[in-house]
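*Asks:* The structure follows.
The values are calculated or read from the model by the stated rules, or taken from the named source; none is laboratory data. Small disclaimer: the values here were computed from a predicted structure and weren't measured. A quick note on method: Cβ atoms are made from the backbone with ideal geometry, for glycine too, and the neighbour counts reach across all protein chains shown. Just the protein is used for accessible areas: all its heavy atoms, side chains included, with ligands, DNA and RNA removed. Shrake-Rupley method; radii C 1.70, N 1.55, O 1.52, S 1.80 Å.
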Amino acid sequence: MEHKIVPNLWFDTEAEQAAEFYCSVFPNSRIVSVIPYTEAGPREAGMTMVVEFELNGQRFVGINGGPEFTFSEAVSFQVNCEDQDEIDYYWDKLSGDGGEEGPCGWLKDKYGLSWQITPTGMDQMFGDSDHERATRAMKAMLGMRKIDIAALGAAADGVAA
């Protein structure tokens, strides 16, 4: 039997709104189900308890569990982007409307969830057998907020962007 890993995200009261937001950002996404609390509690009957959703085929669960737990950078979701247009799109959508830009392609969305918006192939650049090339790429990335693919490649190649 194949076991799938499904990330569960703990929200105070915003699980359904967050799921709708994420579904609006990522293609091929949908709300799968919404389950409300019943009179058995522990939260108000009728309030969304759990929302199951898919982002581009990846299943997630959002739970309105209360204010006791919040997100931290200890867990993040990486979005591998094919080009600068994709990086710009995801960066703008996920960091906008109350989100927070971070260093090195990291950001927090308006719900406090951390994301890494990275170009495909960036890890190969950092693992390049040419140690100096890898070092130049890493130094360039460490100075960025949103990743600039052209500037990263130019730095790796030792050319001014």
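*Asks:* Long-range amide H contacts for Lys110: which residues qualify at under 5 Å (H placed 1.01 Å from N, peptide plane, sequence gap of 5 or more or a different chain)?
*Replies:* HN-HN under 5 Å from Lys110: Gly99.
*Asks:* Return the carbon/sulfur percentage of the accessible area of the chain, one whole number, probe 1.4 Å, all protein chains in place.
*Replies:* In the chain, the share of accessible area belonging to carbon and sulfur is 51 percent.
*Asks:* While we're here: Which chymotrypsin sites (Phe, Trp or Tyr not before Pro) from segment 1-85 combine a DSSP loop assignment with at most 11 other Cβ atoms within 10 Å? Can you show the working numbers first?
*Replies:* Details: sites: Trp10, Phe11, Phe21, Tyr22, Tyr37, Phe53, Phe60, Phe69, Phe71, Phe77; in loops: Tyr37, Phe69, Phe71.
Listed in order of number, the matching sites are Phe69.
*Asks:* Mind listing the long-range amide H neighbours of Ser29? Cut-off is under 5 Å, sequence gap 5 or more, other chains count too, H placed in the peptide plane at 1.01 Å from N.
*Replies:* Hits under the 5 Å cutoff: Asn56.
*Asks:* Sequence neighbours fewer than 8 away in the same chain don't count; with that in mind, list the aspartates and glutamates whose C-alpha is under 15 Å from Lys4.
*Replies:* Excluding near neighbours in sequence, the set is Glu52, Glu54.
*Asks:* While we're looking at this one, here's another question. If you take percent of Cα pairs over 23 Å apart from the coordinates, which of (i) 47; (ii) 32; (iii) 29 do you get?
*Replies:* The calculated read-out lines up with (i).
*Asks:* A further question follows. Roughly what % of DSSP beta bridges within segment 40-156 run antiparallel, to the nearest 5? Write out the running numbers ahead of the final one.
*Replies:* On the way: 11 of 17 bridges.
The antiparallel fraction comes to roughly 65 percent.
*Asks:* Please report, in debye to the nearest 20, how large the charge dipole of segment 45-152 is about its Cα centre when each Lys and Arg carries +1 at its beta carbon and each Asp and Glu carries -1 there.
*Replies:* Here segment 45-152 has a charge dipole of around 280 debye.
*Asks:* Which far-off residues, 5 or more places away or on another chain, put their amide H under 5 Å from the one on Ile147, with H placed in the peptide plane?
*Replies:* Those lying under 5 Å, H to H, from Ile147 are Gly105.
*Asks:* For segment 11-161, what is the relative contact order in percent, using Cα pairs closer than 8 Å and at least 6 residues apart in sequence?
*Replies:* Contact order relative to length: 18 percent.
*Asks:* Expressed as a whole number of Å, what is the distance separating the alpha-carbon centroids of segment 7-25 and segment 46-89?
*Replies:* Here the answer is 6 Å between Cα centres.
*Asks:* Further, regarding this structure: Please name which of Gln78, Phe60, Leu94 has its Cα lying farthest along the dipole of segment 25-161 towards the positive end, using unit charges on Cβ (Lys, Arg +1; Asp, Glu -1) and the Cα centre as origin.
*Replies:* Most positive-ward Cα: Phe60.
*Asks:* Where a Cα-Cα gap under 25 Å defines reach, which lysines qualify for Lys108, not counting those fewer than 8 residues away within the same chain?
*Replies:* Lys93, Lys139, Lys146
*Asks:* Also, quick follow-up: Taking a ≥ b ≥ c as the square roots of the Cα gyration tensor eigenvalues, with a/c under 1.5 meaning rounded and otherwise prolate when a/b beats b/c, else oblate, which class fits segment 1-48?
*Replies:* Here segment 1-48 falls in the oblate category.
*Asks:* Could you point to the residue in Thr38, Thr135, Ser114 farthest towards the positive end of the chain's charge dipole, with +1 and -1 charges on the Cβ of Lys/Arg and Asp/Glu respectively?
*Replies:* In the chain, that residue is Thr135.
*Asks:* Does segment 4-79 come out rounded, prolate or oblate, given a ≥ b ≥ c as the square roots of the eigenvalues of its C-alpha gyration tensor, rounded meaning a/c under 1.5 and, failing that, prolate meaning a/b above b/c?
*Replies:* Oblate, since a/c reaches 1.5 and b/c is not below a/b.
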